[in-house]
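Accompanying notes for the structure given below.
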Amino acid sequence: MTEEHFYFKYQPRRWQKEVLDALKAHRFTVVVAHRRAGKTEVMVLRLLLAAMLMERTHPAPLYGYIAPFLKQAKKAAWSRLKFYIRGLPDIRVSESDLTLTLWNNAVISVFGADNPDGLRGLGFDGIVLDEVAQMKPEVWPAVVRPALSDRNGWGAFIGTPKGQNAFSEIYDKALGQPGWFTGLYPADKTGVLPEEELADMRPDMGENFYRQELLCDFTADNIDSFIDFMSFHEASHREPLAYNPAPVTFGLDVARFGDDRTALVRRRGLVLEDLIVWRGQDLMRTATEMAEQINLHQPRAVFVDVVGLGAGVVDRLRQLGYKIIAVNSGAKASNPDKFVNLKAEMWSRMRDWLAEGAVVSDRPELRKDVLAPRYDFDHSGRLKIESKDDLKARGLLSTDCADALALTFAQPVALFQRGPREQKFYERD
């Protein structure tokens with residue numbers, strides 16, 4: 001019997017159990033979930049368990065729940081806190097300041113972010129921020145984050161997407177960061193709402209609101225996204241192929257600086273088999289890791305972007321005797337009348353691949369990267385894809401994972417190679 005069952009006779013759903021486990025294992029968590037999923041329930045239980053089990057060494061632990069407005073916090077969390085403490089001994093309840101004091105002197109308080117000065121000077125062992133996008137910009141970085149420092153306290157963010165805002169920025173930056181857990185839970189995966197109910201709601205809500213509120217799409221209001229949300233969503237819900245004779249291809253996008261990631265994609269025809277992400281890794285280490293992956297999977301082709309630092313990885317791998325195809329995404333496309341550069345052509349092929357039956361895992365960092373770039377046309381009507389620099393100007397991170405996948409479409413790759421005159425191509429040119 002798990003602790004949440006023992007204390008509260010509560011049966012968490014599978015996604016809630018995953019979050020509860022992650023909350024205990026990570027200092028910081030970001031949970032994106034659809035409306036009516038049960039986000040608040042999970043966080044209320046986390047606060048109670050942390051306070052009851054005295055996870056911190058401070059003689060009087062303090063835990064907090066913050067919503068954008070105090071009335072909202074009282075309605076959402078305070079009532080649930082009082083519900084779960086029924087029957088527990090020696091708990092003092094203060095309705096005037098929305099505070100529970102447990103038998104071990106641990107305190108749980110509910111706050112509204114509309115009064116951030118009321119949080120100053122406090123030290124927290126754990127804090128939950130609900131719908132941070134609706135809070136004043138200084139609440140997290142200037143008030144709450146310093147309040148966790150001296151006690152090494154934990155922080156959790158929960159919410160439902162509302163476009164590109166403070167919450168999406170926190171989620172984007174948390175992806176793959178050490179010490180952080182990110183979870184994205186759309187309605188068609190949690191099992192909270194019946195399928196027939198979702199089907200009934202969709203036409204009433206409209207496609208954009210449905211995608212945002214129930215499918216957790218941060219880009220629902222971005223009509224200029226090059227790749228449509230539903231193309232990736234459907235690809236992430238397809239079953240892997242039972243038999244897949246296609247060749248393995250690698251795409252490697254090498255990090256240049258700052259928050260960029262080095263991303264390696266292994267694709268076998270219609271199936272994205274793996275995505276590996278490295279951070280803060282020097283070029284020699286990247287080359288060594290790549291050599292190990294090549295030896296293990298024997299890809300038919302290895303494409304590496306040589307813009308930025310990728311040339312160093314290519315040189316080292318060639319020194320080691322590996323056949324590497326260097327790709328300059330800014331180079332001329334094979335169809336220059338249709339595409340501004342090779343990047344636009346590769347992304348176009350990737351979009352076609354998704355629509356034609358691709359199978360991908362719903363990795364949050366890949367999903368974000370694939371859907372982020374906008375598109376436009378130059379004066380000659382040629383397609384161009386938003387650059388990494390332009391993405392960063394909009395406050396978004398570099399699309400390293402999606403660029404690595406796009407690299408696997410840089411050139412056609414032979415399905416069979418019996419000889420120089422007997423090649424059958426799997427990819428379409």
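Laboratory data are not the source of any read-out in this text; all were calculated from the coordinates shown. Owing to the predicted nature of the structure, the values given are computational and were not obtained by experimental measurement.
Taken along its principal axes, the alpha carbon cloud of segment 318-366 reaches lengths of 36, 33, 19 Å, longest axis first.
Looking at the square roots a ≥ b ≥ c of the eigenvalues of the Cα gyration tensor of segment 368-417, which shape do they give, rounded for a/c under 1.5, prolate if a/b is larger than b/c, or oblate?
On the way: a/c = 3.61, a/b = 1.47, b/c = 2.46.
Verdict is oblate for segment 368-417.
Against the chain, whose longest principal axis is taken from its Cα atoms, helix 283-297 shows a tilt of about 70°. If you fit an axis through the alpha-carbon atoms of helix 342-355 and take the longest principal axis of the Cα set of the chain, what angle between them do you get, 0 to 90°, nearest 10? Value to nearest ten degrees: 70.
From the square roots a ≥ b ≥ c of the eigenvalues of the alpha-carbon gyration tensor of segment 222-425, which class results: rounded (a/c under 1.5), prolate (a/b over b/c), or oblate? Walk me through the intermediate numbers first.
Working: a/c = 1.33, a/b = 1.15, b/c = 1.16.
In terms of gyration-tensor shape, rounded.
Between Asp376, Asp389, Asp200, the Gaussian network model of the chain with springs among Cα atoms under 10 angstrom shows the greatest mean-square fluctuation at Asp200. Relative contact order of segment 3-196: what whole-number percent is it, with Cα pairs under 8 angstrom and at least 6 residues apart? Reported relative contact order: 31 percent. Among DSSP beta bridges lying fully in segment 286-429, give the percent that are antiparallel, nearest 5. The answer is about 60 percent antiparallel.
Can you tell me how the chain classifies by the Cα gyration tensor, rounded, prolate or oblate, using a/c under 1.5 as the rounded cut? Write out the running numbers ahead of the final one.
Values: a/c = 2.19, a/b = 2.01, b/c = 1.09.
Here the chain falls in the prolate category.
Cross-link reach is defined here as a Cα-Cα straight distance under 15 Å, omitting same-chain residues fewer than 8 places apart; for Lys323 the aspartates and glutamates meeting it are Glu292, Asp305, Asp315.
Take the Cα coordinates of segment 160-222, assign each an equal point scatterer, and use the Debye formula without solvent to give log10 I(q)/I(0) at q = 0.25 Å⁻¹. Once normalised to I(0) and log-transformed, intensities are -1.05. Beyond 27 Å in Cα-Cα separation lie the following of the pairs Lys189/Lys368; Lys173/Lys338; Lys136/Lys343; Lys82/Lys189; Lys75/Lys173: Lys173/Lys338; Lys136/Lys343; Lys82/Lys189; Lys75/Lys173.
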